[in-house]
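Since every read-out is calculated from the coordinates, none of them should be taken as a lab result. Predicted model, so just to flag it, every value in this text is computed and none were measured. FYI the Cβ positions are ideal-geometry reconstructions off the backbone, even for glycines, and counts take in every protein chain you see.
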Amino acid sequence: MFVESLKETLNLGEKLSQKLKPETIILLQGPIGAGKTSFVQGIAQGLSISEDITSPTFSLSHHYYSGKIPLIHLDLYRLENISSAKEIFFSEEAEAIQSQAILVVEWPELIEPLIYNFWKIKISYAKNYGRHYEIKDPKNLLTFS
């Protein structure tokens with residue numbers, strides 16, 4: 001799926017949010033500036049979250065509890081080794097299970113081999129089209145590419 005603007009990115013995130021259930025894990029892959037956090041903002045809109053959604057690059061995670069379903073936004077960009085990534089991921093996954101939240105992980109490359117049931121969203125720059133989103137659900141039944 002191609003998106004050409006921030007508005008379309010937000011709309012796509014909002015549309016996807018309607019298909020998500022508590023304890024869903026979403027892995028967001030894409031280069032810096034591709035729109036990962038903007039996509040999370042769209043998911044948050046769809047969940048009726050009232051807080052401002054910002055990148056958790058420096059804090060590693062942000063938790064939002066004001067919506068229909070809580071949202072945990074994790075960013076593993078600054079982590080360089082698998083043991084640190086595993087520790088923070090499994091801690092946040094436990095919190096997501098406890099609070100019945102959706103867990104979104106930016107820069108999931110270090111932990112992806114360790115988990116099995118997740119949505120995977122790849123964002124890439126698309127020549128003349130803005131961004132390309134490839135969205136796959138855990139069982140590959142619903143694909144938006």
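I'd like to know which of SER50, ALA96, VAL3 lies farthest towards the positive end of the charge dipole of the chain, counting +1 on Cβ of Lys and Arg and -1 on Cβ of Asp and Glu.
Projecting each Cα onto the dipole axis, the largest value belongs to VAL3.
For the range 51-145, which GluC sites (Glu not before Pro) are in a loop by DSSP, counting at most 10 other Cβ atoms within 10 Å?
In loop regions of the range 51-145 (DSSP not H, G, I, E or B), the sparsely surrounded GluC sites (Glu not before Pro) are GLU80.
With +1 on each Lys and Arg Cβ and -1 on each Asp and Glu Cβ, how big is the dipole of the chain about its Cα centre, in debye rounded to the nearest 20?
Taking the Cα centre of the chain as origin, the dipole is about 520 debye.
Please report the antiparallel percentage of the DSSP beta bridges confined to the chain, to the nearest 5.
50
If the reach is capped at under 15 angstrom between alpha carbons, list the aspartates and glutamates near LYS136, excluding any in the same chain fewer than eight residues apart.
GLU112
With a cut-off of 8 Å between alpha carbons and a minimum separation of six or more residues, what is the relative contact order of the range 2-136 in percent?
33 percent.
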